[in-house]
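J.: Quick one: structure below, then a few questions.
The values are calculated or read from the model by the stated rules, or taken from the named source; none is laboratory data. Remember, predicted model here, so these are calculated numbers, not experimental data. Virtual Cβ from ideal backbone geometry, glycine too; neighbours counted across all protein chains shown.
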Amino acid sequence: MGFRSYIAKRVAISVFILWVIASLNFMIFIWYPGDPTTFILGTGQRLEPEVRQMILERYGLTDPMWLQYLKYLRNMFSFGLIEPYFGISYQTGKFVAVEMAGKLRWTLLLLGLALVGNIAVGIPLGIIAAAKRGTKVDAGVISMALFTWGVPAFFIQLLAISFFIHILWFQYGIQIFPRSGPYDIPPPSDPIQFILNVLWHFSLPILTLVVSGFGSWALYTRNMLLDALTQDYIMTARAKGLKERTVLFGHAFKSILPPVATMITLSLPGIVTGAIITETIFSIPGIGSWYIDALAAYNYPVVQAVLFVYATLVIICNFIADMLYGFLDPRIRIGARR
C-alpha cells in the first residue's frame, strides 16, 4: 500500500469515527429529560401552551427525530462556520459558536502557554536526568518530577493563592500576582497595557500548571532516552569516538522524536476543553468553566458543540501524529510504500 493510499485510508477512518461520535453525542442528549422551556424560564413558572410551543419551534424540537438529527449533523459538520453556528444557547439565546469564540481565547492563552512551559521545562530536565543517570542530579529531577506529578494541580494552586495572595499581599502588602480574573476591573484602555495586564493575571495560573505538569514530561523523556542509550547503535556511535553531546542529541534524542512528537500532538486537544478547576479557582471565563455551567443547566447545544470540537481535535491530532511518525521515522515511510 502506497503512502497516499495510507493517508486516504486514515482520512476515511477518521471521518467515520467522527460521525459515530457525533451520532452518540446526539443520542445521549436526546435521551436526557427536559427541554428549553424548563431551563430558560425555570421550573417554577407556568407557561401558556402557545408560548411553550413557540419556544420549542424556535429550537427545532417539534421536528421529527430524523430531521433533528440531520440538522444536528449539518450544524456540527459545518464546524460553526455557517448559520446557526453550532445552534442556539438555551441560556443566552446567542449562537453557540459566537460564545465559544469569546471563551476560547482565554482557554487557549492559559493552556497554550502552560503547555509550552511544560515542554520547555520538562523535556530538557528529562534529557539532563538521562545524561546524568545515577547521579544526584538524576535523583533530584526524579524526586521533583514525582512530587509535582503526584500532587493534584488544584492543591498546588490553592497553596500558591494562600502564599502569594493571603500571606504576602494581604498580610505583608507585597503584591506579586493579582487575585483573580483575566484582567483588572476596569481594564486598561491602552492596548499594550491591556495585554501586559492580562499576562500578569495569567502568570500565576500558568506557573502552577507548569509546576504540576512538567514532571510527567520529564519522566517520560528520561525513560525513553535511557532506553535509547542502551541500544547497539549508541554503542557503535561511542565506539567511533563521537562526542557524548553528539551521541545524546544526534542519535539518542533523535530516535525518540516520534513518541515525543506524538505526546505533544495528543496534548493539544486538552487546550480546548480547558483546565476546568484552574479556570474556576482563578475566575477565568474559559471553555472549561463554560462547559460545566452549560452541563449543569442542561444547555445541550453548548455541551454538544464542546464535545464535538474536542472529538474533532483528538481525531485530527491523532492523524497528525501518524503523519509525524512517518516523517520522523523513515522505517514507517518505507513500510507504507510496500
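J.: Here's a check for you: in segment 160-174, which residue that is of a type in the set (Phe, Trp, Tyr) and loosely packed, with under 14 Cβ neighbours inside 10 Å is nearest to Thr278 (Cα to Cα)?
T.: Only one residue tops the list, namely Phe163.
J.: All but one of (1) modelled with pLDDT under 90; (2) more than 30 Å from His251 (Cα to Cα) hold for Trp106; which doesn't?
T.: (1)
J.: Can you tell me which residue within segment 174-211, out of those that are at pLDDT 90 or above and among the polar types (S, T, N, Q), is nearest to Ile281 (Cα to Cα)?
T.: In this case the residue turns out to be Thr208.
J.: Could you say whether any residue in segment 68-81 is surrounded by 15 or more Cβ atoms within 10 Å (Cβ to Cβ) and more than 18 Å from Phe29 (Cβ to Cβ)?
T.: no
J.: Hey, which of the helices (runs of 4 or more DSSP H) in segment 64-159, taking only ones fully inside, have at least 1 residues that are closer than 25 Å to Thr278 by Cβ, touching a Ser or Thr at 6+ places or on another chain (Cβ under 7 Å) and charged (D, E, K, R)?
T.: Fully inside segment 64-159 and qualifying: 96-131.
J.: From Ile276, Ile284, grab the single residue that is in contact with a Phe, Trp or Tyr (Cβ under 6 Å, 6 or more places away or on another chain) and not polar (S, T, N, Q).
T.: Ile284
J.: Please find, within segment 269-304, the residue that is farthest from the chain's Cα centre (by Cα) out of those that are at negative phi and among the small types (Gly, Ala, Ser).
T.: Ala297
J.: Looking only at segment 253-268, decide whether some residue is part of a loop (DSSP other than H, G, I, E, B), under 14 Å from the mean Cα position of the chain (by Cα), of a type in the set (A, V, I, L, M, F, W, C) and surrounded by 15 or more Cβ atoms within 10 Å (Cβ to Cβ).
T.: Yes: segment 253-268 contains one or more residues that are part of a loop (DSSP other than H, G, I, E, B), under 14 Å from the mean Cα position of the chain (by Cα), of a type in the set (A, V, I, L, M, F, W, C) and surrounded by 15 or more Cβ atoms within 10 Å (Cβ to Cβ).
J.: Here's another thing I want to ask about it. Residues of segment 61-116 being on the phi > 0 side of the Ramachandran plot and among the hydrophobic types (A, V, I, L, M, F, W, C), which ones?
T.: Scanning segment 61-116 gives Phe79, Phe86.
J.: Ok, one more. Considering only residues of segment 97-118 that are in contact (Cβ under 8 Å) with a residue 60 or more places away in the chain and farther than 16 Å from Gly288 by Cβ, which is surrounded by the fewest Cβ atoms within 10 Å (Cβ to Cβ)?
T.: Gly117
J.: Does Val272 qualify as being modelled with pLDDT under 75 and in a helix (DSSP H, G or I)?
T.: Spelling it out, Val272 is indeed modelled with pLDDT under 75 and in a helix (DSSP H, G or I).
J.: Another question, then. Considering only residues that are of a type outside the set (Phe, Trp, Tyr), without any contact (Cβ under 8 Å) to a residue 12 or more places away in the chain and more than 17 Å from Tyr220 (Cβ to Cβ), which ones fall in segment 133-161?
T.: Hits for segment 133-161 are Gly134, Thr135, Lys136, Val137, Ala139, Gly140, Leu159.
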